[in-house]
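The values are calculated or read from the model by the stated rules, or taken from the named source; none is laboratory data. All figures in this text were calculated on a predicted structure; none of them were measured in a lab. Please note: Cβ atoms are built from the backbone with ideal geometry, for glycine as well, and neighbour counts cover all protein chains shown.
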Amino acid sequence: MRSRRPKQAVFRRESEVRLTPFPHDALACAERGSAPGCAARGQLGPAKRSPAAGEDGGAGSPDGGVESDLNLAITRRLRDVLLFLGRDTVLTRTGEDAIYSPEAVTLREKKVSDLKNRVALINSKPEAVLISIHQNSMPDHPSVHGAQVFYNGAVSGPRLGETVQAALNGAVNAGNGKNAKAIDSTIYLMKNVQCPAILVECGFLSNRTETGQLLTGGYQLKLAVCIAAGFLQHDTEGASA
């Protein structure tokens, strides 16, 4: 499985929408790069929380599609859905620019700084939830397809992963249901954020049919609605528990 570092964006004023102090903030990220076990990711938070999101280059499809572009497109749609539902959202970034510190010079320094700054940004939001958007790729198995969720070990992280996975299974994984799984502990971002966090691999760029779907606005919106629905269910169940 090819893995790419994700892109991230936090909802700030245009490029940084401010979060309203709801009981929980939602953070959404559109990943640009890759991380072991995933090709691309984006991140968002639950109901009553403000989301944050970001982005990174990533994998490419056989037709030349770029993962980072898809991650950002889906993350923006997710942000719009959450805002429509009255959930303030924060993106770690809204474009191609990373959020590394000025003193970072080399590519490695910029990547490390970008990761640390995203973690700091996410951890600065009280009671947040993170949703990271990615794309997967398995060139040796081009028939593999479907969306899958990975969750971190924070309290309610597994439940968030399961509710979002159930929503995806019901709408985009018809006949191809998948199980939400714990994410590899080596993924820096997911390991170091203190809030419940999920990484959503929306599909496989190595599958031509699925790539064609991922490139359409309608399918991107369907994914965004499913992720938002799972997030809202998680938040509602948590509030009534």
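For segment 122-134, the criterion of being of a type outside the set (F, W, Y) and touching a Phe, Trp or Tyr at 6+ places or on another chain (Cβ under 8 Å) is satisfied by at least one residue. Pairing residues of segment 166-177 that are crowded, with 19+ Cβ neighbours inside 10 Å with residues that are of a type in the set (V, I, T), at Cβ distances under 8 Å and at least 6 apart in sequence or on separate chains, gives A167/I227; L168/V149; L168/V200; L168/I227.
Every residue in segment 121-134 that is buried (at least 16 other Cβ atoms within 10 Å of the Cβ) and not in a strand (DSSP E or B), please. Within segment 121-134, L121, I122, K125, E127, A128 meet the criteria. Would it be correct to say that S137 is surrounded by 24 or more Cβ atoms within 10 Å (Cβ to Cβ) and over 17 Å from the mean Cα position of the chain (by Cα)? Against the criterion (surrounded by 24 or more Cβ atoms within 10 Å (Cβ to Cβ) and over 17 Å from the mean Cα position of the chain (by Cα)), S137 does not qualify. Applying the set (1) crowded, with 17+ Cβ neighbours inside 10 Å; (2) farther than 19 Å from Y151 by Cβ to R118 leaves exactly one unmet item: (2). Can you name the residue in segment 99-153 that is of a type in the set (K, R) and under 20 Å from I227 (Cβ atoms) and, of all such residues, is modelled with the lowest pLDDT? So the residue we want is K125. Considering only segment 192-211, how many residues are among the β-branched types (V, I, T) and surrounded by fewer than 24 Cβ atoms within 10 Å (Cβ to Cβ)? Summing the residues that are among the β-branched types (V, I, T) and surrounded by fewer than 24 Cβ atoms within 10 Å (Cβ to Cβ) in segment 192-211 gives 2.
Among the residues of segment 64-84, is there at least one that is outside any loop (DSSP other than H, G, I, E, B), over 20 Å from Q194 (Cα atoms) and of a type in the set (F, W, Y)?
Taking segment 64-84 and keeping what is outside any loop (DSSP other than H, G, I, E, B), we get 66-84.
Within this subset, residues satisfying the condition of being over 20 Å from Q194 (Cα atoms) are 66-84.
Restricting the remaining residues to those that are of a type in the set (F, W, Y) gives 84.
Yes: segment 64-84 contains one or more residues that are outside any loop (DSSP other than H, G, I, E, B), over 20 Å from Q194 (Cα atoms) and of a type in the set (F, W, Y).
G161 satisfies every condition listed in (1) modelled with pLDDT of 95 or more; (2) surrounded by fewer than 15 Cβ atoms within 10 Å (Cβ to Cβ) except (2).
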